[in-house]
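The values are calculated or read from the model by the stated rules, or taken from the named source; none is laboratory data. Since this is a predicted model, take the numbers as computed values, not measurements. Reconstructed Cβ throughout: ideal geometry from the backbone, glycine too, with neighbour counts over all protein chains shown. Just so you know, the surface numbers come from the protein's heavy atoms only, side chains and all, with ligands and any DNA or RNA stripped out. Shrake-Rupley method; radii C 1.70, N 1.55, O 1.52, S 1.80 Å.
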Amino acid sequence: MRVVLLGAPGAGKGTHCRRIVSQYDVLHLSSGDILRRERAEGTDLGKQAQSYMDSGTLVPDGLIVEMMSKAVKAAPGAGYVLDGFPRTVNQAEALDQSLADGESGIDVVINLQVDDDVVVERITGRRSCPKCGAVYHVKNMPPKQEGICDHDRAELVQRPDDTADVVKNRLATYYEQTKPVVDYYKAKRTVHDVDANGDADAVAALLFEKLDALSN
Ligand code: AP5
């Protein structure tokens, strides 16, 4: 199954992709995670992406399309779930073009819908493990011991782009450049809207209801 999961920053894309991966045995392809890995490894791409990411603006399409086209082409036959890509209409067109050149297209597009005040609360409260990538929230999904990863005991960190000021920019960028991607898909195919304001289990139930129906 090949899924595109759309949604504003903090909508829960990463959280729910991890659940989709364990249920459907597909690959999680997150453009944000790949970029953070490139930064941690100090690659040219990581260095080029740094200032855009830290200020909450988008990394240029040319860099992203090349990076994600490679990841999509290398994905195994069971499929993948795309998280954070495509994020501009140019990226969506490039993805369609590269899939049209291959054998398989996207099966499902899901749009997680979340209110702006919920976004700010979720993002400013997010903490991540620098070692294994596990994601927590100080109130909604706290680790067993405050500030410490349940899996490997590493000290949790806050992403540099998870401050209140940068979240404002990320939301503005979302409305200006990424919301049009939802309209792009809606003009071409069915987009399944999911209310993502509830707690993670409630959102997962709505999401899996859709995915189960579509995968049968
Ligand atoms: P990226 O990493 O993709 O960030 P994002 O889209 O802003 O999404 P987030 O990771 O912030 O949120 P999420 O929806 O995954 O939420 P999560 O599940 O973690 O991109 C970062 C940057 O990289 C961009 O700003 C840009 O610069 C660059 N970039 C990436 N892709 C790009 C592209 N294609 N083109 C150009 N530039 C690109 O949840 C958030 C928090 O809420 C967590 O703490 C979680 O525990 C909690 N939570 C989640 N769901 C719930 C729930 N239902 N109830 C309660 N709490 C919840």
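Consider SER55 carefully, then state whether it is modelled with pLDDT under 95, of a type in the set (S, T, N, Q), in the same structural domain as ASP107 (by TED's automatic domain parsing) and within 9 Å of the ligand (Cβ to nearest atom).
yes
Quick check on the range 77-97. Is at least one of its residues part of a strand (DSSP E or B), of a type in the set (Ser, Thr, Tyr) and either away from the ligand (no atom under 14 Å from the Cβ) or outside the structural domain of VAL182 (by TED's automatic domain parsing) (or both)?
yes
Identify all residues within the range 164-178 that are in contact (Cβ under 8 Å) with a residue 12 or more places away in the chain, open to solvent by 60 Å² or more (accessible area, probe 1.4 Å) and more than 9 Å from the ligand (Cβ to nearest atom); write none if there are none.
Within the range 164-178, LYS168 is the sole residue that qualifies.
Would you confirm whether or not the range 109-120 contains a residue that is open to solvent by 30 Å² or more (accessible area, probe 1.4 Å), touching an Asp or Glu at 6+ places or on another chain (Cβ under 6 Å) and either polar (S, T, N, Q) or in contact (Cβ under 8 Å) with a residue 40 or more places away in the chain (or both)?
Yes - at least one qualifying residue is present in the range 109-120.
Go through the range 15-39 and report how many residues are closer than 19 Å to LEU95 by Cβ, touching a strand residue (DSSP E or B) at 6+ places or on another chain (Cβ under 9 Å), open to solvent by 10 Å² or more (accessible area, probe 1.4 Å) and assigned to a helix (DSSP H, G or I).
2
Keeping to the range 191-216, report how many residues are touching a Leu at 6+ places or on another chain (Cβ under 9 Å) and open to solvent by 60 Å² or more (accessible area, probe 1.4 Å).
1
Are any residues in the range 18-33 more than 7 Å from the ligand (Cβ to nearest atom) and either within 7 Å of ASP83 (Cα to Cα) or in the same structural domain as GLY133 (by TED's automatic domain parsing) (or both), and if so, which ones?
Once the filter is applied, which keeps residues that are more than 7 Å from the ligand (Cβ to nearest atom) and either within 7 Å of ASP83 (Cα to Cα) or in the same structural domain as GLY133 (by TED's automatic domain parsing) (or both), the range 18-33 yields only LEU29.
Mind checking which residues of the range 135-184 are farther than 21 Å from VAL119 by Cβ and assigned by TED's automatic domain parsing to the domain that holds ARG39?
Listed by number, the list holds a single entry, TYR184.
Quick check on the range 42-49. Is at least one of its residues crowded, with 18+ Cβ neighbours inside 10 Å, modelled with pLDDT of 95 or more, within 10 Å of the ligand (Cβ to nearest atom) and under 16 Å from the mean Cα position of the chain (by Cα)?
Checked the range 42-49: no residue is crowded, with 18+ Cβ neighbours inside 10 Å, modelled with pLDDT of 95 or more, within 10 Å of the ligand (Cβ to nearest atom) and under 16 Å from the mean Cα position of the chain (by Cα).
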